[in-house]
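Take a look at the structure below.
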Amino acid sequence: MKLKLLFGILMFQSVLAQAQEIFTDSFAGQGAPFSLHTINDELYVGLFDVNANNVAYIQKVPFNDPTNKITVAEATSGIGFIKLAYDETSNILIGGTPSSLYKINLNDALPIQTEAFNDTSVDAQLGLILSNSTLYFVRDNTILKYSLNDTEYTETEVFENDNQIIIGEIYNDELYFFERTENGSNLTLYKIDITASSPTPVLVSNMEGYNFGFAQDVYLKNSLLYATIESSANHSIIKFDLEDALPVTPELVVTPDNAPLGITSYESNLYYITGTQKIFFIEDPELLNTNEFKKENSIVYPNPVVNDRLYIRSRSSDNFQLIDINGKIVLQGTHNREAITLHNINSGVYFLKLFNRDGEVLETQKVIKK
């Protein structure tokens, strides 16, 4: 994607869908948020310079005080930080511009002055992944890596592809990336084993319904892979459960009116940018799926139950019964993507029975209501 298109996206305004809410609009007049990353209880924001000052900024805002902006780092790059990646072990944040990489040591006093450390141009717009102190990035349809522990900057080739690559995240030693044809007519999700000397791509998803456009950002939480898709046909934020059988079918999260850019999460909310000077959020309870009971066909979350709402995700089950420890049915009905409300259910341990269309019990799971 050309940079002039990115400028157009950032300056375009529209009315957002009702499901979206504004987290903060405090960046108005300063810079356009482009990239997001969650570190502890703070949201780090890479800003796109709209004032022609040739300075890129990273600011942070506490999730409980979104008007309190703190400048973390700045660099003379001529455009802005369009990607952020973080290494928890070293407390190092990597900021990527369209051509350069910047290392920001968050142990230093703020604001941090930083300089580019890469010798050769990179395209950070095609993704940055930081895993186990190793940075993965893209140049000329090739995935490269660099160790933050190296005293000198040295690149190693990981995988070369015929078509454009947009790298996403690493899950269980497998790197997920989107392949995009030259004219953008086909967008496909693949994965490679980063422990292999010559990795072979494995098809993850044909992107049914979302296979045209550009993956602006990718975000991983537990086994859920989120992607922001800019498309002339239909902008969207979608997700994949990487534990599902291949090929995985993408699930629509939200359809913003503007092209979605950076994305991250905090607790049960997704936070994202749509090319304006605002940051939006939408609730996705599946983000709380850290202690879920995963069976062959069903996922029940969150468990323990949060905010009196329980979700059941199942391919084979339509109906449920919630039974207390005395064997009494306290709730029953048909489940779908909507939450089951447990507001009138007392705290305690329960057993959730899932039934198929013929009334046969498929499985029983223990549920805790606090």
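Would you check which residues across region 48-68 are at pLDDT 85 or above and more than 24 Å from Ile129 (Cα to Cα) and list them? Scanning region 48-68 gives Asn64, Asp65, Pro66, Thr67, Asn68.
Just one of the numbered conditions (1) at pLDDT 95 or above; (2) part of a loop (DSSP other than H, G, I, E, B) is not true of Asp162: (1). Counted as qualifying within region 326-370 are the strands (runs of 3 or more DSSP E) with 3 or more residues that are under 18 Å from Pro302 (Cβ atoms) and of a type outside the set (Asp, Glu), namely 348-355, 361-369.
Within region 50-64, identify whether any single residue is in a loop (DSSP other than H, G, I, E, B) and under 24 Å from the mean Cα position of the chain (by Cα), and answer yes or no. Yes: one or more hits.
Can you confirm whether Ile345 is of a type in the set (A, V, I, L, M), over 19 Å from the mean Cα position of the chain (by Cα), surrounded by fewer than 14 Cβ atoms within 10 Å (Cβ to Cβ) and at pLDDT 90 or above? The answer is no for Ile345.
As for region 191-211, it holds at least one residue that is surrounded by fewer than 20 Cβ atoms within 10 Å (Cβ to Cβ), not hydrophobic (A, V, I, L, M, F, W, C) and not in a loop (DSSP other than H, G, I, E, B).
Here's the yes/no breakdown for (1) in contact with a helix residue (DSSP H, G or I) (Cβ under 7 Å, 6 or more places away or on another chain); (2) without any contact (Cβ under 8 Å) to a residue 60 or more places away in the chain; (3) closer than 23 Å to Phe117 by Cα:
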{"residue": "Lys145", "(1), (2), (3)": "no, yes, yes"}
{"residue": "Thr156", "(1), (2), (3)": "no, yes, yes"}
{"residue": "Ile165", "(1), (2), (3)": "yes, yes, yes"}
{"residue": "Glu169", "(1), (2), (3)": "no, yes, yes"}
{"residue": "Leu187", "(1), (2), (3)": "no, yes, no"}
{"residue": "Thr195", "(1), (2), (3)": "no, yes, no"}
{"residue": "Ser198", "(1), (2), (3)": "no, yes, no"}
{"residue": "Leu224", "(1), (2), (3)": "yes, no, no"}
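Here's a check for you: in region 146-195, which residue that is more than 24 Å from Lys221 (Cα to Cα) and of a type in the set (Gly, Ala, Ser) is nearest to the chain's Cα centre (by Cα)? So the residue we want is Gly184.
A quick yes/no check of all residues on (1) at pLDDT below 95; (2) not hydrophobic (A, V, I, L, M, F, W, C):
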position	(1), (2)
Asn183	yes, yes
Val202	no, no
Met207	yes, no
Asn211	yes, yes
Phe214	yes, no
Leu225	no, no
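Can you tell me which residues in region 98-116 are surrounded by fewer than 14 Cβ atoms within 10 Å (Cβ to Cβ), modelled with pLDDT under 90 and in a loop (DSSP other than H, G, I, E, B)? The answer is Glu115, and nothing else. In region 327-355, the residues that are over 13 Å from Val305 (Cβ atoms) reach residues that are exposed (fewer than 15 other Cβ atoms within 10 Å of the Cβ) and among the basic types (Lys, Arg) with C-beta atoms within less than 8 angstrom, at least six apart or across chains, in these pairs: Phe351/Lys366.
Can you confirm whether Tyr311 is modelled with pLDDT of 90 or more, crowded, with 21+ Cβ neighbours inside 10 Å and not in a loop (DSSP other than H, G, I, E, B)? Here the answer is no, as Tyr311 does not meet what is asked. The set of residues in region 1-44 that are surrounded by 12 or more Cβ atoms within 10 Å (Cβ to Cβ), of a type in the set (A, V, I, L, M, F, W, C), part of a loop (DSSP other than H, G, I, E, B) and modelled with pLDDT of 65 or more contains only Phe27.
Entry remark, region 69-88: residues being small (Gly, Ala, Ser) and closer than 22 Å to Asn132 by Cα number 1 in total.
Would it be correct to say that Asp119 is in a loop (DSSP other than H, G, I, E, B) and either polar (S, T, N, Q) or under 16 Å from Pro98 (Cα atoms) (or both)? Judged against the criteria, Asp119 is a match.
Screening Glu243 with (1) of a type in the set (Asp, Glu); (2) in a loop (DSSP other than H, G, I, E, B); (3) at pLDDT 90 or above gives one miss only, at (3).
Let's see how each residue does on (1) crowded, with 22+ Cβ neighbours inside 10 Å; (2) β-branched (Val, Ile, Thr); (3) assigned to a strand (DSSP E or B):
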| residue | (1), (2), (3) |
| --- | --- |
| Phe137 | yes, no, yes |
| Leu144 | no, no, yes |
| Asp150 | no, no, no |
| Thr154 | no, yes, no |
| Gly168 | yes, no, yes |
| Glu179 | no, no, yes |
| Ala233 | no, no, no |
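When you check Ser298 against the structure, is it under 24 Å from the mean Cα position of the chain (by Cα), among the hydroxyl-bearing types (Ser, Thr, Tyr), at pLDDT below 80 and buried (at least 21 other Cβ atoms within 10 Å of the Cβ), yes or no? The answer is yes for Ser298.
This table checks each residue for (1) touching a Gly at 6+ places or on another chain (Cβ under 7 Å); (2) in contact (Cβ under 8 Å) with a residue 12 or more places away in the chain; (3) not hydrophobic (A, V, I, L, M, F, W, C).
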site	(1), (2), (3)
Leu126	no, yes, no
Asp140	no, no, yes
Ile192	no, yes, no
Asn206	no, yes, yes
Ala215	no, yes, no
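The values are calculated or read from the model by the stated rules, or taken from the named source; none is laboratory data. No experiment lies behind these values; they were computed from the predicted model shown. Every residue, glycine among them, receives a Cβ derived from its backbone with ideal geometry; neighbour counts consider all protein chains shown.
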